[in-house]
1. At 0.36 nm per residue, minus the direct Cα-Cα distance, what do residue 186 and residue 630 gain on full extension? Give it in nm, one decimal, please.
2. When each pair of different Cα atoms in segment 59-333 is counted once in the 1/r mean, what is the Kirkwood radius in angstroms, to one decimal?
3. To the nearest 20 debye, what is the magnitude of the charge dipole of the chain about its Cα centre, counting +1 on the Cβ of each Lys and Arg and -1 on the Cβ of each Asp and Glu?
4. Taking 29 Å as the cut-off for C-alpha to C-alpha distance, list the pairs among 51/206; 194/326; 526/695; 437/644 that go past it.
5. Have a look at the DSSP beta bridges in the chain and tell me what percent are antiparallel, nearest 5.
6. Translational D (Stokes-Einstein, µm²/s) of the chain at 25 °C and 0.890 mPa s when Rh comes from the Kirkwood sum over C-alpha pairs?
7. Ordered by packing density, taken as the mean number of other Cβ atoms within 10 Å over each peptide's residues, highest first, how do 631-643, 48-60, 524-536 rank?
8. How big is the Kirkwood radius of segment 584-700, worked out from every pair of different alpha carbons and given in Å to one decimal?
Amino acid sequence: MKNQTRRFSLQKACALEVSLFTGALLVFAGEPTLPAQQTGMTHTQAVARAKQIVAKMTLDEKITELHGIHDATGYRMVPGVPRLGIPALHMTNGPAGVGPGGASPQPPATAMPAPIALAATWDPDLAHEYGKIEGEESRSLGSELFESPDINIARVPQGGRVFESFGEDPYLDGRIAVAAIEGVQNTGIMANVKHYLANNQESDRKSIEEEISERALREIYMPAFEASIKEGHSASLMCAYPRVNGAFNCENAPLLKGVLKQEWGFDGFVLSDWGATHSTVPSALNGLDLEMPTGVYFGDALRKAVDAGQVPVADLDEMLVRRFAKMMEFGDFGSQPKPEPIPAFEHGAIARRIASQGIVLLKNDNSLLPLDAKSIKTITVIGPYAVRPNTGGGGSSHVIPLYTITPYDGLMAKLGLQIHVTVLDGSDIQAAADAAKRSQMAIVMVGDQDSEGRDQSLELPAAQNQLVEAVAKANPKTIVVVKTGSAILMPWIDDVPAVLEAWYPGEEDGNAVASVLVGDVNPSGKLPLTFPRSVDQTLAANPEQYPGVDGAVHYSEGLDVGYRGYAAHSVTPLFPFGYGLSYTQFSFSDLKILQQSGGASATASFTVTNTGQRAGAEVAQLYLGFPSIAEGNEPPVQLKGFRKVMLNPGESKTVELKLDARAFSYWSVKAHAWQVAPGEFQVLVGDSSADTPLKSTVTMQ
């Protein structure tokens, strides 16, 4: 849609929104949904039953059950064995909603806001709702396993899959991941936490050798996986493409057998990323349970290895028992209940709420936002993402939306007055500037399309930056809405008074963004990753660290990932981790630390007050600064607790955050174990990693 002028009324815009919802419901009414079916079978009972079934299988049947198929009978699935009552296992991709499964063409589903937007809510309750929708819709589209969540750390903001993960901090990552897994699995669908381990870039992802210290692995790249297994009880795990310290992830014995299965007690099954299996015997012996998508290594080659005595049949039995037992726990053996249709309107409303809660207000000079509908008569909405929604990133996580709400329809439905609106795609920059100059206010919507399979520049396309600059010069009341999958550079930041980071809002793009612009939703999102001022502030400044040299990437930054690195080197970013403004104001006071006697734990309590004129939510964040450690010091600040608090104007609430021994621990390479650091810890509380007005100390012996 180019250079169009429209006059909207509230009635017409709302009618359009209702018709879109109704159409989606009618078109999709035939798609099935299955409610959760839990058998009540304990893991011990399921293992015993699985062993009985495996004992009756022939060797050929066992081999068939250890890899997926891709032929005329199906794809993204493992076939069943009807004579023994073993059902087929169907999988569907995530994590931004139900993506590609075995059906062709891919059926539509609720296009959720990108997972990075979910992380920006800093709200585990919303993460649970997010996972619940995905679990229900996975069933409706005929799958038993949902390939989600993606919890790889955003080591570099250039990473092509940052948009489908939860940011740069392992603690935040873990809290969101556990809640999302529980949401998925409470519907009776198996979650599949991925990609284990350190799948932190798309550049050379299938061959890159990553050299990572033991301490960095344990403190940065493993904690969210550990939480997903120990607390979230993820039914399955996907091993990643890269090599880590000399071995491919899907045949890496220390990581799969040592840490995952033995140390963490993982009782589910490990499946490979698509094409991430590189061997037969090492993979079979070192912890891989299921090769996907086909049987290049776990088909005929595995049968030959068994016949040659290289792989014991007992190892095959363990792989199968792991998967069958977990499927039994989730009710996948036996008859299934009658399907029900996807509730498109209900799920869309939840997606809209999550998207709006994840939007981050980065700048708001002179309180330009929220829009005052009573005073606006003319407005110009400009840009490539003003004329179309940005429903999600590309690659295997792409979702076919049930419906989409466009930016201008969403905005006009919220404004509710007869307003003269000029909508341009921004391809003619001069025309855009001229239109902006004639309007009271201009809204520029820019963004990108990140995708699996490639890393991205932190720069928006040059034409989009030029567009922002031209419009801002023409109209001093220019609002920029950024729809990106990761951090971007903002060369125009000093020239515009207001900026919103909306990420990829999903199918409800128009309504979610509009709800924040007009103030129906007071923005409460916080950045889950740091926004740099320049590329030189990222690890890309050193090619050996990213994207690698001669097939290897050195994680020589150690623990200094994301905001930890900025703090350690006293570098000021464009926007810090944890940052986000509101249409109201908050204050923090009265920090108290109660240390538990006889143990390495403590409770921090403090008061958060809404000192402004609007109801809103603040994310209170607690960081620790560690004492000196002989084996090497920790970064200056580390997130160890947070709580999202809703407050009316003038209201105060007391927040308590408990800190267990793990919060005060570092990974000792000498002991190969977690150890509490003795000495005085700094306790820092505030609204971002760079703004912690409350400070105290606590001493650990």
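Bear in mind that the values in this text are calculations on the coordinates, not laboratory data. Computed from a prediction, not measured in an experiment: that's the story for all the values here. Note: ideal-geometry Cβ built from the backbone for every residue, glycine included; neighbour counts use all protein chains shown.
1. Length difference between fully extended and current span is 155.4 nm.
2. Mean inverse Cα-Cα distance, inverted, gives 18.5 Å.
3. 1360 debye
4. 51/206; 437/644
5. 60 percent
6. Once the numbers are plugged in, D ends up at 94 µm²/s.
7. Averaged packing, sorted descending, gives the order 524-536, 631-643, 48-60.
8. 15.0 Å
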